[in-house]
Amino acid sequence: MIAAPATAPSVPPAAAERPHSPGRDAWLRLRRNRLAVVSGIFLLALAFTCIVVPPFLGQGYADQNLSLGATSPSAAHWFGTDELGRDQFARVLYGGRISLMVGFVASLVALSIGVTYGAVAGYVGGKLDALLMRVVDILYALPFTIFVILIMVFLKEPMNDLDAWLRRFDFLKNLQGIGKIVGLFAAIGAVEWLTMARIVRGQVLTVKKMEYIEAARTLGYSHARIIFRHIIPNVLGPVIVFTTLTIPAVMMLESFLSFLGLGVDAPLSSWGTLIKDGADKMEDFPWLLIFPGGLFATTLLALNLLGDGLRDALDVRAAKD
Amino acid sequence: MLRFILKRLLETIPVLLVIVTATFFMLRLVPGGPFTAEKAVSKEIMQNLEAHYGLDKPLGRQYLSYLADLAPKRFAPWRLFADADRNGTLDFDLQAAFGINLGPSFKYPNRTVNEIIAGKLPASLELGLWALLVALALGITLGVLAAMRKNTGVDYAASTLAMVGICVPTFVMGPLLVLLFALHLRWFNASGWYIAADRVLPAATLGLVYAAYIARLTRGGMLEVLNQDYIRTARAKGASELRIVLRHALRGGLLPVVTFLGPAIAGIISGSFVIETIFQIPGLGREFVNSAFNRDYTLVSGTVLLYAGLIVGLNLVVDVIQVWLNPRLKFE
């Protein structure tokens, strides 16, 4: 994710000596922002740990040890155990997989819808643009969290069917609750694309009027070449920044749904469900709240700091709010 | 300006109609219904129940009669706070004020959705208003202080606090505040909604998140404004720092905050679902989530419509304030 700005193709073909490309400049600026760099490293390390480590723990998220019960953190159980004797470290890592996955995939869903919608509106312009953006305005006024709640409650049965269908495939066989997770991707992605569409449209409108686009048009380049070689690379900055800032928003929404009992089903856990359980038992077993809650907050913090750093590095002004 | 408001009001009608229609059909096209609970009901009882609530009629007919009941029939907003459920307190009486009838509840026998909303909305409104007040007061103060003392300890402290508010979910913040202020210090009750002091913790929990966003936006807005020429002019005239901030800078500096008020209001409404559960507040948010789980069709549609109406209406107010603060925007 950090490497993305460096690979943005933006070197004009006519450049004589080899100047710094805007992407390279941005990368250098980002590297000077210590908070953003630390955040990026933390996120990479966290993602690596959550993805790679769990199978080597020797303990699954559902393995119970009822005679052990709830114990505070120790050498054997770094994050302690819950009252079913499940190792909290394993549960936090497995939960991290789900929370991070929901955050990334749902953001990607929102990103694809938003960029396509906004780019079409901005590039085509005219009546189509007015119509598409009016739709976005109207959708903006809707109480969206409420609709996500309704979708998650009322699509419970269809999601169970989806789960059964998906798990017929060999590689998904062991993924209990995959249907619900796919439902979360869809429900959250379907409501988080609006701002992205607005940002991309605004950017495309500005870029469209630039002289180099006119030059490209004069040279007889096709629409496709203009869009992909000249417009998209130049609107990439705000898109990257806003995606980075969408991920924490999505993770927050997922945890909110989990708190209302609409997240993944037990024994599977996400950070949201772990935090909810921990908050209920906070007085007796505080470590059940402290570890998932702390990790969740730190992750959101890192994502926000990285997003801010990227915004400064790519010099994006309108990307947030 | 009156034309702008009227135009916007007219525009809300199709929006609300879309919401009603979407909710109505979404609820009914999904398998299962309000009476398919855990305990099996005999076929005859089921048929009687469905006939009683008109669920045996064709879907199109149900939709049309629902719309007919829903349509406003009079305009008497001053009667909004009449006593809707006749328990002696002021309520939110949609029937008396606009003739809006949201139908009978499917899960609470002999209660109408109007009555349930009237009974539960006041607590939610109060919570929301207090939370908004906390958010604005705390957020603007912190933001202004941070902008005035840029890159000092005050600035960093305010930014850190704002980041904490943004990254810690309300359902972590709430229990932590309860642990500290209710269980250890014993200043407040851990839950309930009886005395004035019961408002403090829920409002603080809900308001803190938005205070954090508002502080960041205020800081940014103020920094931009404080560099303007007219601020230098005011300073050159010898105005005090306090007067510069309050009289000259705040109006422009608060513009980003006003833009954020729309999303903040929507967020406070959905945040109330969680807060009302944590603090056991008898509000509409908790009722809405329960009604969704119970598949109480009319109660779900009624509350969704009410929330949508609130959000759309308050967004209109926000737009008017925005133009008032920044005349360059002009009413479309």
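A few remarks follow.
- Conditions (1) touching a residue at least 24 places away in the same chain (Cβ under 8 Å); (2) open to solvent by 30 Å² or more (accessible area, probe 1.4 Å); (3) more than 10 Å from chain A (Cβ to nearest Cβ); number of the one not met by B:V317: (1)
- Leading residue by the ranking (most open to solvent (accessible area, probe 1.4 Å)) among those in segment B:157-203 that are among the hydrophobic types (A, V, I, L, M, F, W, C) and part of a loop (DSSP other than H, G, I, E, B): B:W187
- Residue list for segment A:227-266, restricted to those being more than 14 Å from chain B (Cβ to nearest Cβ) and in contact with a Lys or Arg (Cβ under 8 Å, 6 or more places away or on another chain): A:I231, A:V241, A:F242, A:V264, A:D265
- Among residues of segment B:278-294 being open to solvent by 10 Å² or more (accessible area, probe 1.4 Å) and in a helix (DSSP H, G or I), the one that is farthest from the other protein chains (Cβ to nearest Cβ) is B:E287.
- Test: residue in segment B:64-71 that is without any contact (Cβ under 8 Å) to a residue 24 or more places away in the chain, within 14 Å of chain A (Cβ to nearest Cβ) and surrounded by fewer than 15 Cβ atoms within 10 Å (Cβ to Cβ): no
- The lone criterion from (1) in a helix (DSSP H, G or I); (2) open to solvent by 40 Å² or more (accessible area, probe 1.4 Å); (3) at pLDDT below 85 left unmet by B:L125 is number (3).
- For segment A:217-229, filtered to residues that are among the β-branched types (V, I, T) and either open to solvent by 10 Å² or more (accessible area, probe 1.4 Å) or assigned to a loop (DSSP other than H, G, I, E, B) (or both), the residue that is farthest from A:W27 (Cα to Cα) is A:T218.
- All positions within segment B:15-32 that are of a type outside the set (G, A, S) and within 8 Å of chain A (Cβ to nearest Cβ): B:V15, B:V18, B:I19, B:T23, B:M26, B:L27, B:V30, B:P31
- So B:V154, is it more than 30 Å from B:V300 (Cβ to Cβ), touching a helix residue (DSSP H, G or I) at 6+ places or on another chain (Cβ under 6 Å) and assigned to a helix (DSSP H, G or I): yes
- Count - residues of segment B:237-277 that are in a helix (DSSP H, G or I), within 14 Å of chain A (Cβ to nearest Cβ) and over 17 Å from the mean Cα position of the chain (by Cα): 2
- Checking each residue in segment B:71-122 for being among the acidic types (D, E) and at pLDDT 80 or above picks out only B:E115.
- Residue within segment A:96-110 that is open to solvent by 20 Å² or more (accessible area, probe 1.4 Å), touching a Pro at 6+ places or on another chain (Cβ under 9 Å) and modelled with pLDDT of 85 or more present: yes
- Conditions (1) facing another protein chain (nearest Cβ under 10 Å); (2) in a helix (DSSP H, G or I); (3) surrounded by fewer than 20 Cβ atoms within 10 Å (Cβ to Cβ): number failed by A:D312: (1)
- All of A:I213, A:I290, A:I232 fail the test of being assigned to a helix (DSSP H, G or I) and touching a His at 6+ places or on another chain (Cβ under 8 Å), apart from A:I213.
- Residues located in segment B:204-218, provided they are open to solvent by less than 10 Å² (accessible area, probe 1.4 Å) and of a type in the set (S, T, Y): B:T205, B:T218
- A residue that is within 13 Å of chain B (Cβ to nearest Cβ) and of a type outside the set (V, I, T) cannot be found anywhere in segment A:107-118.
- Output for segment A:118-133, where each listed residue is under 18 Å from A:M196 (Cβ atoms) and either at pLDDT below 80 or not charged (D, E, K, R) (or both): A:G118, A:A119, A:V120, A:A121, A:G122, A:Y123, A:V124, A:L132, A:M133
- The listed residue being away from chain A (no Cβ under 14 Å), open to solvent by 50 Å² or more (accessible area, probe 1.4 Å), at negative phi and of a type in the set (F, W, Y), out of B:F4, B:F81: B:F81
- Selection within segment A:68-95 - at pLDDT 70 or above, more than 26 Å from the chain's Cα centre (by Cα) and farther than 15 Å from A:F285 by Cα: none
- From the options A:A279, A:A224, residue that is within 11 Å of another protein chain (Cβ to nearest Cβ) and not basic (K, R): A:A279
- Failed item, numbered, when B:Y297 is tested on (1) more than 17 Å from the chain's Cα centre (by Cα); (2) more than 10 Å from every other protein chain (Cβ to nearest Cβ); (3) touching a residue at least 40 places away in the same chain (Cβ under 8 Å); (4) open to solvent by 30 Å² or more (accessible area, probe 1.4 Å): (4)
- Where B:W130 falls short, out of the listed (1) open to solvent by 60 Å² or more (accessible area, probe 1.4 Å); (2) out of contact with any Lys or Arg (no Cβ under 6 Å at 6 or more places or on another chain); (3) away from every other protein chain (no Cβ under 14 Å): (2)
- Of all residues in segment B:10-51, those that are surrounded by 11 or more Cβ atoms within 10 Å (Cβ to Cβ) and at pLDDT below 75 total 8.
- Within segment B:135-157, the residues that satisfy the criterion of being over 26 Å from the mean Cα position of the chain (by Cα) and away from chain A (no Cβ under 14 Å) are B:L145, B:A146, B:A147, B:M148, B:R149, B:K150, B:N151, B:T152, B:G153, B:V154, B:D155, B:A157.
- Of the helices (runs of 4 or more DSSP H) that lie entirely inside segment A:119-173, those containing 3 or more residues that are open to solvent by 20 Å² or more (accessible area, probe 1.4 Å), within 11 Å of chain B (Cβ to nearest Cβ) and over 19 Å from A:L184 (Cβ atoms) span A:126-140.
- Options B:F188, B:F171: the member that is under 30 Å from A:D284 (Cα atoms), of a type in the set (F, W, Y) and within 14 Å of chain A (Cβ to nearest Cβ): B:F171
The values are calculated or read from the model by the stated rules, or taken from the named source; none is laboratory data. A quick note: this is a predicted structure, and the numbers were derived from the prediction, not measured. Counting neighbours? That spans all protein chains shown, and the Cβs are built from the backbone with ideal geometry, glycine included. Just the protein is used for accessible areas: all its heavy atoms, side chains included, with ligands, DNA and RNA removed. Shrake-Rupley method; radii C 1.70, N 1.55, O 1.52, S 1.80 Å.
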